[in-house]
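The values are calculated or read from the model by the stated rules, or taken from the named source; none is laboratory data. Keep in mind it's a predicted model, so treat the numbers as computed, not measured. Note: ideal-geometry Cβ built from the backbone for every residue, glycine included; neighbour counts use all protein chains shown. Quick note on the areas: whole protein, heavy atoms, side chains included, nothing else; ligands and nucleic acids left out. Shrake-Rupley method; radii C 1.70, N 1.55, O 1.52, S 1.80 Å.
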Amino acid sequence: MDKYKFIALMAAAVFASQTVADPPATQPADPAMDFFLNNAKPATQPTAEVPATQPGGDALVNQNAPIDARPATIMLSDGKTLKGNAATTTDKPIRVWDETIKDYRDIPFGLIASAKANVLWERDEKEWQFKESGSDVKVYSGKTYPARETQYTFTLANGDKITGDVAAPIYMDTGKATRTFVLHKRDKGEPGQTLKDLLYVKQIEFDKEK
């Protein structure tokens with residue numbers, strides 16, 4: 001046998017009889033894996049202590065907001081009266097359109113001594129409906145609804161009076177329940193109702209300061 005062929009056969013036999021070598025203790029570097037290992041955070045991160053009372057919690061409450069509720073008596077158009085604490089939107093004045101100056105006047109709620117309604121007109125209006133869907137023709141439904149236009153005269157603590165259009169909520173807490181009224185410029189009821197059903201605040205009298 002050729003000497004060189006013999007050496008090649010022996011080398012092949014030796015290689016076949018060997019087991020796969022164990023991988024080196026140190027694996028070739030993997031850049032992506034190295035990045036994650038070097039930047040990984042511990043399973044338990046130290047956390048900053050949180051105080052039992054969070055700082056700034058009081059900022060959610062306006063500590064300087066005045067208490068707007070004032071003892072008052074409200075008289076409704078049906079003759080009923082309610083006594084309790086009356087208020088309006090917090091930190092908001094009563095805005096009145098003063099026709100004499102052609103501008104709005106803002107009245108601080110705390111300066112109002114009384115308010116009285118002046119009904120400019122009130123009547124039953126006919127309800128009109130479209131004759132059919134998509135039609136511009138309206139027909140009388142046979143029903144009416146009450147409508148009213150009202151102004152209010154506000155008397156201030158110093159005796160000054162301001163009259164004009166207004167739209168402002170009044171919240172009345174009687175101690176048993178809180179009712180919401182609106183000082184309307186214009187108001188209307190539902191079809192089938194009457195003017196008596198369309199209640200409005202006729203007068204508000206605030207208790208005098210002691």
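Residue check: is Y171 without any contact (Cβ under 8 Å) to a residue 24 or more places away in the chain and aromatic (F, W, Y)?
So Y171 does not fit the description; no.
Here are the criteria: (1) open to solvent by less than 50 Å² (accessible area, probe 1.4 Å); (2) without any contact (Cβ under 8 Å) to a residue 60 or more places away in the chain. Tell me which single one L195 does not satisfy.
Here L195 meets the rest and fails (2).
Among (1) open to solvent by less than 60 Å² (accessible area, probe 1.4 Å); (2) modelled with pLDDT of 95 or more; (3) of a type in the set (V, I, T), there is one condition T89 misses while meeting the rest; what is its number?
All conditions pass for T89, except number (2).
Since R148 meets every condition but one in (1) of a type outside the set (F, W, Y); (2) in a strand (DSSP E or B); (3) loosely packed, with under 11 Cβ neighbours inside 10 Å, which condition does it not meet?
Answer for R148: the failing condition is (3).
Can you find, within the range 192-210, the residue that is nearest to A117 (Cα to Cα) among those that are of a type in the set (A, V, I, L, M) and in a loop (DSSP other than H, G, I, E, B)?
L199
Take the range 153-191 and flag every residue that is open to solvent by less than 60 Å² (accessible area, probe 1.4 Å), out of contact with any Gly (no Cβ under 8 Å at 6 or more places or on another chain) and part of a loop (DSSP other than H, G, I, E, B).
Hits for the range 153-191 are G159, A177, G189, P191.
Inside the range 130-145, can you point out the residues that are open to solvent by 80 Å² or more (accessible area, probe 1.4 Å) and in contact (Cβ under 8 Å) with a residue 40 or more places away in the chain?
K143, the sole residue that qualifies.
When the residues of the range 198-209 are narrowed to those that are over 14 Å from P146 (Cα atoms) and hydrophobic (A, V, I, L, M, F, W, C), which ends up surrounded by the most Cβ atoms within 10 Å (Cβ to Cβ)?
Among them, the one singled out is I204.
Please go through the range 68-81 and give me each residue that is in contact with a Phe, Trp or Tyr (Cβ under 9 Å, 6 or more places away or on another chain) and either outside any loop (DSSP other than H, G, I, E, B) or under 20 Å from N118 (Cα atoms) (or both), ordered by number.
Residues satisfying the conditions are R70, P71, A72, T73, I74, L76, S77.
In the range 106-118, how many are surrounded by 13 or more Cβ atoms within 10 Å (Cβ to Cβ) and free of Cβ contacts under 8 Å to residues at least 40 places away in the same chain?
Final tally of qualifying residues: 1.
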